[in-house]
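Worksheet for the structure shown next.
The values are calculated or read from the model by the stated rules, or taken from the named source; none is laboratory data. Note that the structure is a prediction, hence the values are computed from the model and not measured. Backbone-built Cβ (ideal geometry, glycine too); neighbour counts: all protein chains shown. These area figures cover heavy atoms from the full protein model, side chains too; ligands, DNA and RNA do not enter into them. Shrake-Rupley method; radii C 1.70, N 1.55, O 1.52, S 1.80 Å.
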Amino acid sequence: MKYDLPDVMTVRADGPIRTVTLDRAADLNSVDADLHWALANVWRQLAADTDARVVILTGAGRAFSAGGDLDWITSFLTDQVARDESIREGAQIIEEMLRFPLPVIAAVNGPAVGLGCSVAVLCDIVLIAENAYLADPHVAVGLVAGDGGAAMWPLLTLVLRSREYLFTGDRIPAATAVELGLASRTVPADDLLPEAIRLAERLAAQPAEALRGTKRIVNMYLSQALAGPLQAGFAAEVATMRTAEHRDRLLALRERTR
């Protein structure tokens, strides 16, 4: 099957396994407009691939995803249409991942930050390299963590444990992520993709309808629990996008990273 995706995302077929790679390695796979669109639209294409049974999601180079591309996010300060489209697509990413019928294994090969973190923990199984970490730094740049973290983490880990990391944006080392329930298990960095493939092969050999039905029922709980918090979260995030504090912190961060 031919996938209609921008160059920043690749899909490799290996029998029943599809390996989806976020491919902006020089920019640590930060999410720009093209990659954001791809993350929103790849899932229906994968679901239409009748030969696919399992998906592996990973990043090219040394990061899974460093979160939103700062130049793209900064454009929202003056482009309300782009900002609103990013929010619509952000909701689509979450909805499509929750609805996607096949099992998805995240191979978190490096930092998974902001939206990158949200996408990783939305996967069904999260294998994380021992030297990788998760982080959600929305608050640090004056934003509500509306595109996943504030709504999703309390479903996966204890509220009391998740608050500190959401409030501060501190990095969550791989072992701590597993302890908290934000990742399934750690894997030595060199063995991450081979281990993800081994697991994908096991899942591909499982009875397909039983596996899909089990995932569908599990995700019913997530979809029902997330409906209210996600709607409120996106609305609150948009409100903070309009604040002077967000503008000042975002511009200062972009200046430091240039």
By residue number, the members of the stretch 151-196 that are over 27 Å from Ala236 (Cβ atoms), open to solvent by 40 Å² or more (accessible area, probe 1.4 Å) and touching a residue at least 40 places away in the same chain (Cβ under 8 Å) are Pro173, Ala175, Val178, Ser184, Arg185, Thr186, Pro188, Ala189, Leu193
Being closer than 30 Å to Ala239 by Cβ and without any contact (Cβ under 8 Å) to a residue 12 or more places away in the chain narrows Gln80, Gln92 down to just Gln80
Leu226 meets each of (1) modelled with pLDDT of 90 or more; (2) under 30 Å from Asp71 (Cα atoms) with one exception, condition (1)
Here the residues within the stretch 11-49 that are of a type outside the set (Gly, Ala, Ser), touching a Pro at 6+ places or on another chain (Cβ under 8 Å) and either open to solvent by 30 Å² or more (accessible area, probe 1.4 Å) or part of a loop (DSSP other than H, G, I, E, B) (or both) are Leu28, Asp34, Trp37
request  = For the stretch 208-219, state whether one or more residues are among the aliphatic types (A, V, I, L, M), open to solvent by 40 Å² or more (accessible area, probe 1.4 Å) and under 24 Å from Ala91 (Cα atoms).
outcome  = yes
